[in-house]
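Shown next, in structure tokens, is the structure this report addresses.
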Amino acid sequence: MVAFKLAYRNLIGAGTRTWLNVSVLSFAFVLIIFHNGMLDGWNRQSRKDTQQWEVANGQYWHPHYDKLDVYSIKDAHKPLDAQIIGKVKDGSLVPMLIQQATIYPQGRMQSVLLKGIPHDQQLLKLPTQELKAVTEGLPAVIGKRMATAAKLGIGDKVLIRWRDKNGTFDATELTIASVFNADVPSIDNGQIYIDFEAMQTMMGLRGDATLLVTGEEEPATMDGWDFKDIKFLLAELDQLIESKKGGGIVLQAVLLLIALLAIFDTQVLSIFRRQKEIGTFIALGLTRWQVVGVFTIEGAAHSILAIVLGAAYGIPFFIWLNAIGLSFGDVDVGITMAATIYPYYSVRLILSTIGLVVIASAIVSYLPARKIARMNPTEALKGKIQ
Amino acid sequence: MVKRIIVDDKIFQDMDNQIIQLEHLTKRFPVGNGFFTALTDITLSFGKGEFAGLVGPSGSGKTTLLNIIGSLDVPSEGKATVLGRSIAELSQKQAANMRNHHIGFIFQTYNLLPVYTVYENVEFALLLQNISAEERRKAVMQALEWVGLTDKEKSKPSMLSGGECQRVAIARSMVKRPKIVLADEPTANLDSKNSHHILQTMQKLNEELGVTFIFSTHDEKVMQYLKRQISLADGKVVADEQVELVSSQ
């Protein structure tokens with residue numbers, strides 16, 4: 001308690017020097033929370049978007065299906081049994097049939113993934129109900145990226161060619177019924193959605209599906225289908241966010257290092273200038289290690305003041321930012337990212353940042369303070385440089 | 001006015017009353033490749049309630065001797081026993097504990113903590129002793145009363161005169177009721193009036209509380225108050241005199 005009181009008094013007494021150190025450290029503190037809060041916010045929104053648009057609570061894949069291997073797609077389909085059909089009817093499962101096809105927009109040729117999905121599904125945010133709103137041609141729904149790449153818009157028609165289960169080529173004309181705007185590029189680029197039953201007919205694969213999207217909170221295992229949980233399906237996104245965090249750590253570390261260097265310098269100067277005080281402490285009955293403790297606490301107390309100062313301007317800033325979000329405009333960066341990101345500040349993030357700042361400050365305060373343990377108190381009392 | 005009369009030139013020999021015993025004490029400091037001998041074969045003892053002074057010119061070893069008695073330093077040779085404990089055998093913690101409970105220090109430059117008020121400076125030593133707030137308050141106010149500074153309890157050292165600062169230092173050294181007070185050139189930075197004032201204060205505390213005061217000084221004003229004068233020259237005791245102070249009308 002004595003050490004804390006003394007530290008507080010000395011820090012306040014040091015005036016501008018203290019406040020400069022505290023300001024830099026508080027800036028580092030707020031920036032670390034801001035940066036990680038933005039990434040966590042991005043991660044949360046992306047996960048939510050990906051679940052809403054693509055994976056729901058998990059997917060059952062045909063054992064041969066590998067979304068990264070186009071050669072696996074052709075034969076990765078199997079009939080749905082009665083149990084699955086029941087779940088499809090009650091809306092807890094959404095089947096998808098996936099095959100390759102080619103479209104010819106404006107005479108050009110473009111390979112696409114053709115995905116059949118029930119038009120009446122409500123599990124995913126895909127506007128599949130639009131597949132019944134158009135009666136002319138084969139109605140299709142595409143994303144804005146696909147629409148841009150193929151120069152297609154609502155009402156446009158485009159020729160599509162595919163091979164059915166026997167390998168026979170067939171073709172028809174698609175009518176773009178809707179163009180959706182999703183923040184999830186993995187459901188958009190090079191993909192066309194048509195009605196599930198229409199696709200089964202086109203392919204000659206009556207009753208077959210490639211994968212099943214589930215909305216069940218605790219999905220059960222199903223024979224003949226490989227269950228892929230959220231962790232697996234969002235692993236790519238998690239890895240991306242982690243790599244972004246890793247990159248951010250460099251910036252945060254540099255900023256924190258500058259702040260800690262200022263504290264280190266202050267400690268060195270303080271121990272150099274206050275030798276008489278150190279000698280007096282020892283004469284009054286403190287051991288040398290207790291004096292080391294006093295100076296370490298004093299240095300580490302910079303972090304407490306920095307946290308208080310950071311909270312003073314950081315909390316209103318974070319509340320404001322959380323209300324308006326940080327807009328990145330309509331930029332497509334090829335990864336799931338909302339146009340406006342709302343940062344997320346978890347208790348864990350705040351506590352770990354506080355812990356980091358306090359521990360790092362204590363360490364840089366302790367390092368120069370160790371010198372006190374080797375000081376000769378009689379020389380210190382005279383204020384002699386040691 | 002006081003008149004000094006030398007009454008005895010023998011070392012104080014009341015063995016039952018001795019609280020400090022120095023036997024053949026030698027202290028050397030490393031200098032370059034060799035050593036500087038600050039004290040040579042010092043044998044002295046101090047009894048309870050003494051008001052004694054180590055006098056001599058600069059470099060005679062006064063402060064070194066005080067530092068050893070105060071357990072801030074250890075002898076190179078010989079033995080220093082303070083309050084029954086050999087200084088050389090004390091651990092850092094034991095030495096700190098002894099200083100905290102039984103030894104008060106008064107320095108030439110006061111050495112007050114600048115960020116603390118007068119009250120807090122005096123209270124500091126008690127904070128290390130885990131004494132209740134109520135008892136601390138009582139002890140601090142009494143110590144400030146002894147030195148006549150109760151009205152300055154909320155002042156910072158920077159707001160006080162040199163004499164007042166030294167009185168705070170006296171209060172700080174006395175607040176824990178130590179057995180020994182070591183005063184290193186306590187009047188060196190004070191004018192004559194303040195010097196007499198603080199010396200009278202210390203004399204009064206010595207008489208009333210029976211605390212042993214040992215000064216290091218070459219100030220004539222201090223010497224007038226000493227009941228025992230130990231003269232040092234080149235690290236050796238050259239005289240040890242008991243004096244009686246007689247008021248002259």
Return only the number of the condition from (1) buried (at least 22 other Cβ atoms within 10 Å of the Cβ); (2) assigned to a loop (DSSP other than H, G, I, E, B) that A:Gln267 does not satisfy.
-> (2)
So which of B:Val74, B:Val82 ends up being open to solvent by 60 Å² or more (accessible area, probe 1.4 Å) and of a type in the set (Val, Ile, Thr)?
-> B:Val74
Among what's in region B:53-71 and is within 11 Å of chain A (Cβ to nearest Cβ), open to solvent by less than 10 Å² (accessible area, probe 1.4 Å) and in contact with a helix residue (DSSP H, G or I) (Cβ under 7 Å, 6 or more places away or on another chain), pick the residue that is farthest from B:Ala183 (Cα to Cα).
-> B:Ile68
Reported set for region B:145-169 where residues are in a helix (DSSP H, G or I), over 18 Å from the mean Cα position of the chain (by Cα) and of a type in the set (A, V, I, L, M) is B:Met159
Would you be able to tell me the number of residues in region B:116-141 that are open to solvent by 50 Å² or more (accessible area, probe 1.4 Å), away from every other protein chain (no Cβ under 13 Å) and out of contact with any Leu (no Cβ under 9 Å at 6 or more places or on another chain)?
-> 4
Quick check, is B:Glu50 surrounded by 21 or more Cβ atoms within 10 Å (Cβ to Cβ) and more than 20 Å from B:Lys236 (Cα to Cα)?
-> yes
Test set (1) within 11 Å of chain A (Cβ to nearest Cβ); (2) assigned to a helix (DSSP H, G or I) - B:Lys176 fails condition number | (2)
Right, A:Phe281: among the aromatic types (Phe, Trp, Tyr) and not in a helix (DSSP H, G or I) or not?
-> no
Out of curiosity, is A:Ile142 touching a Ser or Thr at 6+ places or on another chain (Cβ under 6 Å), of a type in the set (A, V, I, L, M, F, W, C), in a strand (DSSP E or B) and assigned by TED's automatic domain parsing to the domain that holds A:Ile187?
-> no
Mind checking whether some residue in region A:308-325 is of a type in the set (Phe, Trp, Tyr), within 30 Å of B:Lys93 (Cα to Cα) and in contact with a Pro (Cβ under 9 Å, 6 or more places away or on another chain)?
-> no
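Yes or no, residue by residue, for (1) among the aliphatic types (A, V, I, L, M); (2) in contact with a Gly (Cβ under 7 Å, 6 or more places away or on another chain); (3) modelled with pLDDT of 95 or more:
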position	(1), (2), (3)
B:Met15	yes, no, no
B:Gln21	no, no, yes
B:Thr26	no, yes, yes
B:Phe36	no, no, no
B:Lys48	no, yes, no
B:Leu65	yes, no, yes
B:Ile69	yes, no, yes
B:Glu120	no, no, no
Looking at A:Leu321, A:Leu305, which one is away from chain B (no Cβ under 14 Å), closer than 18 Å to A:Val24 by Cα and modelled with pLDDT of 90 or more?
-> A:Leu305
Check A:Arg374 against each of (1) within 14 Å of chain B (Cβ to nearest Cβ); (2) buried (at least 17 other Cβ atoms within 10 Å of the Cβ); (3) not small (Gly, Ala, Ser) and name the one condition it does not meet.
-> (2)
Might you let me know whether region A:242-263 holds any residue that is within 30 Å of B:Leu90 (Cβ to Cβ) and over 27 Å from the mean Cα position of the chain (by Cα)?
-> no
Hey, A:Ser352 open to solvent by less than 60 Å² (accessible area, probe 1.4 Å), at pLDDT 85 or above, farther than 21 Å from B:Asp73 by Cα and assigned by TED's automatic domain parsing to the domain that holds A:Asp265 or not = no
So which residues in region A:163-192 are touching a Gly at 6+ places or on another chain (Cβ under 8 Å) and open to solvent by less than 30 Å² (accessible area, probe 1.4 Å)?
-> A:Leu174, A:Thr175, A:Ile176, A:Phe180, A:Ala182, A:Pro185, A:Ile187, A:Asp188, A:Gln191
Please work out if B:Asn100 is of a type outside the set (D, E, K, R), at the interface with chain A (Cβ under 7 Å from one of its Cβ atoms), on the phi < 0 side of the Ramachandran plot and buried (at least 19 other Cβ atoms within 10 Å of the Cβ).
-> yes
Yes/no for A:Asp208 being open to solvent by 40 Å² or more (accessible area, probe 1.4 Å) and over 28 Å from the mean Cα position of the chain (by Cα) = no
Of the listed residues (A:Gly329, A:Gly355), the one being in a helix (DSSP H, G or I) and not polar (S, T, N, Q) is A:Gly355
Residues of region A:279-295 satisfying the condition of being more than 7 Å from chain B (Cβ to nearest Cβ) and within 50 Å of the chain's Cα centre (by Cα) | A:Trp289, A:Gln290, A:Val291, A:Val292, A:Gly293, A:Val294, A:Phe295
Across region A:108-131, the tally of residues that are open to solvent by 70 Å² or more (accessible area, probe 1.4 Å) and not in a strand (DSSP E or B) stands at 6
In region B:208-229, what residues are among the aliphatic types (A, V, I, L, M) and crowded, with 23+ Cβ neighbours inside 10 Å?
-> B:Ile214, B:Val222, B:Leu226
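One line per residue, one yes/no per condition, for (1) of a type in the set (Lys, Arg); (2) in contact with a strand residue (DSSP E or B) (Cβ under 6 Å, 6 or more places away or on another chain):
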| site | (1), (2) |
| --- | --- |
| A:Asp49 | no, no |
| A:Lys74 | yes, no |
| A:Ala82 | no, no |
| A:Ser92 | no, no |
| A:Leu97 | no, yes |
| A:Gln110 | no, yes |
| A:Leu114 | no, yes |
| A:His119 | no, yes |
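Residues are listed down the side, and each one gets a yes or a no for (1) assigned to a strand (DSSP E or B); (2) in the same structural domain as A:Ala101 (by TED's automatic domain parsing); (3) within 21 Å of A:Asp208 (Cα to Cα); (4) free of Cβ contacts under 8 Å to residues at least 60 places away in the same chain:
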{"position": "A:Thr148", "(1), (2), (3), (4)": "no, yes, no, yes"}
{"position": "A:Gly155", "(1), (2), (3), (4)": "no, yes, no, yes"}
{"position": "A:Leu159", "(1), (2), (3), (4)": "yes, yes, no, yes"}
{"position": "A:Trp162", "(1), (2), (3), (4)": "yes, yes, yes, no"}
{"position": "A:Asn166", "(1), (2), (3), (4)": "no, yes, yes, yes"}
{"position": "A:Asp183", "(1), (2), (3), (4)": "no, yes, no, no"}
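The values are calculated or read from the model by the stated rules, or taken from the named source; none is laboratory data. What you see is a predicted model, and the numbers here were worked out from it, not measured in a lab. A quick note on method: Cβ atoms are made from the backbone with ideal geometry, for glycine too, and the neighbour counts reach across all protein chains shown. Accessible surface areas use protein heavy atoms only, side chains included; no ligands, DNA or RNA. Shrake-Rupley method; radii C 1.70, N 1.55, O 1.52, S 1.80 Å.
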